[in-house]
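The values are calculated or read from the model by the stated rules, or taken from the named source; none is laboratory data. Computed from a predicted model, the values in this text were never measured in an experiment. Virtual Cβ from ideal backbone geometry, glycine too; neighbours counted across all protein chains shown. Protein only, heavy atoms only, side chains kept; ligands, DNA and RNA dropped before computing areas. Shrake-Rupley method; radii C 1.70, N 1.55, O 1.52, S 1.80 Å.
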Amino acid sequence: MGLAVIVDLRRANERERDPAPRWPFAAQVIENDLGQETLDEWADFIATSDLTPGSFRSYMLDYYRKAPFQSRHIDLYARYFRALAESQGPVLVHCAAGKDRTGILCALTHHLAGVSDDDIFEDYLLTN
């Protein structure tokens, strides 16, 4: 595929549980483990939640409010955008499910590229 950059947004425990094949290639890999007080916030939520639609909605709204400002994501996003500007080939962004962390980064990319808000929302909703 000639990838120049691979951005792996997964936490360390996710990468350990489901390692991405890393055959010999020259692509730059962007990942980090900054600010991970707990190994899996999602698993912690599931274990302690009442599992109602309201609790899931509240958890996800809180996640989306905070995620773009977490030190871990700021580092990943900054290195991604720097690599995007400097690379001479395709960039692959991936995560565990490809909706939340990947969705935020792709929405930011679309925004910077001048894609309309309506089209950004429509693209994101395809992950449903």
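Residues are listed down the side, and each one gets a yes or a no for (1) closer than 21 Å to C106 by Cβ; (2) of a type in the set (D, E, K, R):
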| residue | (1), (2) |
| --- | --- |
| A26 | no, no |
| D50 | no, yes |
| G54 | no, no |
| A67 | yes, no |
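Under 7 Å between Cβ atoms, which residue pairs at least 6 apart in sequence (or on different chains) link something in the range 105-119 that is under 17 Å from L92 (Cα atoms) with a partner that is assigned to a helix (DSSP H, G or I)?
That search, which allows pairs on different chains as well, returns L105/Y77; L105/Y80; A107/I120; A107/Y124; L108/Y77; H110/I120; H110/D123.
Please verify whether A20 is open to solvent by 90 Å² or more (accessible area, probe 1.4 Å), assigned to a loop (DSSP other than H, G, I, E, B) and out of contact with any helix residue (DSSP H, G or I) (no Cβ under 8 Å at 6 or more places or on another chain), treating the condition exactly as stated.
Against the criterion (open to solvent by 90 Å² or more (accessible area, probe 1.4 Å), assigned to a loop (DSSP other than H, G, I, E, B) and out of contact with any helix residue (DSSP H, G or I) (no Cβ under 8 Å at 6 or more places or on another chain)), A20 does not qualify.
Of all helices (runs of 4 or more DSSP H) completely enclosed by the range 31-128, which ones contain at least 3 residues that are open to solvent by 80 Å² or more (accessible area, probe 1.4 Å)?
Answer list for the range 31-128: 41-48, 53-66, 71-86, 117-125.
If L92 meets every condition in (1) in contact (Cβ under 8 Å) with a residue 60 or more places away in the chain; (2) more than 27 Å from E41 (Cβ to Cβ) apart from one, which number is that one?
(2)
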